[in-house]
Amino acid sequence: MSAVEISPAAGTDQEARAEAARTRRNWLLSLPAVILLLFAASGPLVIVLIYSFLEPGDYSGVKWIPTFDAWTSILFTRDIFDDTLQLADAHLTIFWRSASLSLLTTLITFLLGFPTAYFIATRPPRQRGLWLFLITIPFWTNLLIRTFAIMEVIRNEGLLNKLLMMTGLISEPLQILYSDTAVLIGMAYVYLPLMALPLYAALERFDFRLVEAGYDLYAGRWMVLRKVILPLVKPGIVAGSILVFMPSLGAYVTPRVLGGGKHMMIGSFIELQFGQGRNWPLGASLSMLLLLIVGIGLFFYVRAMSKEKAHD
């Protein structure tokens, strides 16, 4: 036999070496990004985590004395006389306000974002780009500027009160600014695109012939909505809810400006600990708790989506 035969084992070894070379090359290409994530993202998080297990310094900073007091202080406070633990009512109020406003923000953005996404998804393909462009315009503006714009609308001499007084619906301006209602309005406005865009992405892939089939089977509009449309666009609903709920839970700028500092949320509470409160460990433990909540939410989202894809 003139040609040299290559054994199957030799071919397997060559493929293995080629695969190992590709793996090393891919790791080398991703090395700059890995280093950046390690030092720019993971590094600060590790520092904050360490601070959460230390004692607060006398005038800010930390003392390198290990303790769990910061984590205990999230829900409990010590009595100044007998050093007994009691529920931290102020902390629980802040947590409840943050969670309730975040849930209401998610609900309002869904109620406004779903019809908007449905409207865009049912437009001719040439018009959808224009409507999506209009939705993304607010992202071109700084968050602080958008928050001040809402302030100009809802303040006592703002556009909303002027319109209501011109129509005769009210005789004196409504006190909306510096309240939970103002914070809710501001966060709903700021995070509405984060709900509308995932819903549109889900509705764009939706087969609207199923809606016609539902009508042919004598189903009403609400029945088609509940039994056909909502179940099939569930991934977009879940994604939009997470994209709205998670950032609104830790929002700082909007509650700070529209709440006037009197209606504190978790983000403002964390900033207070690192500033005037001078309790860095408590601020660090609150930050890690917020990160843990976000991580748990993302974990269940990924798990649910994985199960749904496996089921499909």
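Taking helices (runs of 4 or more DSSP H) as the structural unit, those lying wholly within region 219-312 and holding at least 1 residues that are open to solvent by less than 40 Å² (accessible area, probe 1.4 Å) and under 25 Å from ASP207 (Cα atoms) correspond to 221-224, 234-249, 280-311. Got at least one residue in region 33-52 being touching a Pro at 6+ places or on another chain (Cβ under 8 Å) and closer than 24 Å to SER287 by Cβ? Scanning region 33-52 turns up at least one residue that is touching a Pro at 6+ places or on another chain (Cβ under 8 Å) and closer than 24 Å to SER287 by Cβ. Within region 184-218, restricting attention to residues that are open to solvent by less than 60 Å² (accessible area, probe 1.4 Å) and aromatic (Phe, Trp, Tyr), the residue that is nearest to the chain's Cα centre (by Cα) is TYR191. Look at region 31-46: where a residue is without any contact (Cβ under 8 Å) to a residue 24 or more places away in the chain and a partner is of a type in the set (A, V, I, L, M, F, W, C), sitting 6+ places away or on another chain with Cβ atoms under 9 Å, you get VAL34/TRP27. Under the condition of being open to solvent by less than 30 Å² (accessible area, probe 1.4 Å), part of a helix (DSSP H, G or I) and in contact (Cβ under 8 Å) with a residue 40 or more places away in the chain, the residues counted in region 155-183 number 2.
When MET246 is tested against (1) among the aliphatic types (A, V, I, L, M); (2) without any contact (Cβ under 8 Å) to a residue 12 or more places away in the chain; (3) in contact with a helix residue (DSSP H, G or I) (Cβ under 8 Å, 6 or more places away or on another chain), only condition (2) is not met. Residues in region 249-267 that are of a type outside the set (A, V, I, L, M), touching a residue at least 24 places away in the same chain (Cβ under 8 Å) and more than 15 Å from LEU291 (Cβ to Cβ): THR254, PRO255, GLY259, GLY260, LYS262, HIS263.
The values are calculated or read from the model by the stated rules, or taken from the named source; none is laboratory data. Computed from a predicted structure; not experimentally measured. Quick reminder, even Gly has a Cβ in these numbers, built from the backbone with ideal geometry, and neighbours come from all protein chains shown. Note: areas computed on protein heavy atoms with side chains; ligands, DNA, RNA excluded. Shrake-Rupley method; radii C 1.70, N 1.55, O 1.52, S 1.80 Å.
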